[in-house]
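The values are calculated or read from the model by the stated rules, or taken from the named source; none is laboratory data. No experiment lies behind these values; they were computed from the predicted model shown. Cβ atoms come from the backbone with ideal geometry, glycine included; neighbour counts cover every protein chain shown.
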Amino acid sequence: MTAEYQFTRVLADRFEATFLFYRDVMGFTPVFGTQHDTYADFDLGTFHISLFDRAEMAAALGTSGLPVSAPAQDGVCLVFEVADVRAEAARLTSLGVPLVADVTDHPDWGITTLHLRDPEGTLLELNQPLP
């Protein structure tokens, strides 16, 4: 199989809030859709993040009658390398975005990380290589 494009799709119950988070907080440029739609794409250069209304996806799959979620550990983490994790932490907290875990050096991983969640609860990691 050859993949032409790489997408990660976030299924959203709170589509408008999630769209605005990726556009306004993360600074990603939408290339398709608006906060008033049920589908949108953000082009990050090497791949796309897509948002899709969770109820619409469930209807397409025939799973509308099943529970939306179950208690569990995170199953997905979107990871973004940034130039300065500490500057991003300051920017995010100034916007009122709660951090799941503050800036942490991980010498065994070779990176410095910061963790937060989008309005859907999706775990995000911002990281940069350790010097």
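One table, with the values for the structure above:
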| read-out | value |
| --- | --- |
| Selection count where residues are within 18 Å of Leu20 (Cα to Cα), buried (at least 18 other Cβ atoms within 10 Å of the Cβ) and either among the polar types (S, T, N, Q) or touching a strand residue (DSSP E or B) at 6+ places or on another chain (Cβ under 6 Å) (or both), scope the range 98-124 | 3 |
| Single condition Pro119 does not satisfy, out of (1) outside any loop (DSSP other than H, G, I, E, B); (2) within 19 Å of Val10 (Cα to Cα) | (1) |
| Pairs, first more than 22 Å from Leu95 (Cα to Cα) and not assigned by TED's automatic domain parsing to the domain that holds Phe80 in the range 27-44, second of a type in the set (Ser, Thr, Tyr) and in a loop (DSSP other than H, G, I, E, B), C-beta under 9 Å, six or more apart | Ala40/Thr34; Asp43/Thr29 |
| Residue in the range 57-69 that is under 24 Å from Pro129 (Cβ atoms) and touching a residue at least 40 places away in the same chain (Cβ under 8 Å) present | no |
| Filter result (touching a strand residue (DSSP E or B) at 6+ places or on another chain (Cβ under 8 Å) and either modelled with pLDDT of 95 or more or surrounded by 12 or more Cβ atoms within 10 Å (Cβ to Cβ) (or both)) within the range 57-78 | Met57, Leu78 |
| Tally, over the range 107-127, of residues that are in contact (Cβ under 8 Å) with a residue 24 or more places away in the chain and more than 16 Å from the chain's Cα centre (by Cα) | 1 |
